[in-house]
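Each reported figure results from applying straightforward, stated rules to the coordinates on display, with no laboratory input. No experiment lies behind these values; they were computed from the predicted model shown. Note: ideal-geometry Cβ built from the backbone for every residue, glycine included; neighbour counts use all protein chains shown.
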Amino acid sequence: PGGMGPQAMGESDPVAGWWIGPNPTRGGLFVAMPGINGLFAVDLLDLRGRQLRSEEGSTSGTVELDLHGLAAGTYLVHVRSDGLHKTFRLVRE
């Protein structure tokens, strides 16, 4: 009560529903961006921030990424669309 968080102001986080999965994964990866209908960019980064792969295109909300040949480890998945962005931690087994 009386908080000043986003819900208290009548706003919602437009990227709160974005997700990746399965995580951890041994195969491909789905990136879901509910509410997005248009251009997107997904960057796969190592933990030092180096870009390993990049995918761009148009989506109606869900994109599948091919992770073939990617070594086991921890990565970052940076998703961008329409001025919004969110970064996820991905574990590749």
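Annotations
- For L90, nonlocal amide neighbours, meaning residues 5 or more places apart or on other chains whose placed amide H falls under 5 Å from its own, are Y75, L76, V77.
- Gyration tensor (Cα) of the chain, equivalent ellipsoid semi-axes in angstrom: 27, 16, 12
- The chain: antiparallel DSSP beta bridges as a percent of all, rounded to 5: 95
- Between A16 and L52, the FRET efficiency from the beta-carbon distance, with R0 = 30 Å, is close to 0.70.
- Once backbone amide H atoms are built at 1.01 Å from N, R53 has L44 as its partners under 5 Å, excluding neighbours fewer than 5 places away on the same chain.
- Per-residue 3J(HN,Hα) values for region 67-74, derived from phi via the Karplus relation 6.51 cos²θ - 1.76 cosθ + 1.60 with θ = phi - 60°, read 9, 3, x, 7, 5, 4, x, 10 Hz in sequence order (x marks Gly and Pro).
- Here's the picture: charge each Lys and Arg Cβ at +1 and each Asp and Glu Cβ at -1 in the chain, and of G57, P22, N37 the one pushed furthest to the positive end of that dipole is P22.
- Amide H to amide H, with H built 1.01 Å from N, F30 comes under 5 Å of G21, L65, counting only residues 5 or more places away or on other chains.
- Here the Karplus relation 6.51 cos²θ - 1.76 cosθ + 1.60, evaluated at θ = phi - 60°, turns the backbone of region 16-25 into coupling constants of 4, x, 6, 8, 10, x, x, 8, x, 9 Hz, with x for every Gly and Pro.
- Set of region 33-75 residues, backbone N closer than 14 Å to the point 7 Å along the Cα-Cβ line of T87: 43-52, 75
- Largest mean-square fluctuation among R48, R80, R26, in a Gaussian network model of the chain whose springs join Cα atoms under 10 Å apart, belongs to R48.
- When only the Cβ of Lys, Arg, Asp and Glu is charged (+1, +1, -1, -1), the dipole of the chain relative to its Cα centre reaches about 320 debye.
- Per-residue Cβ neighbour counts within 10 Å put H68, H78 in the sequence H68, H78, beginning with the fewest.
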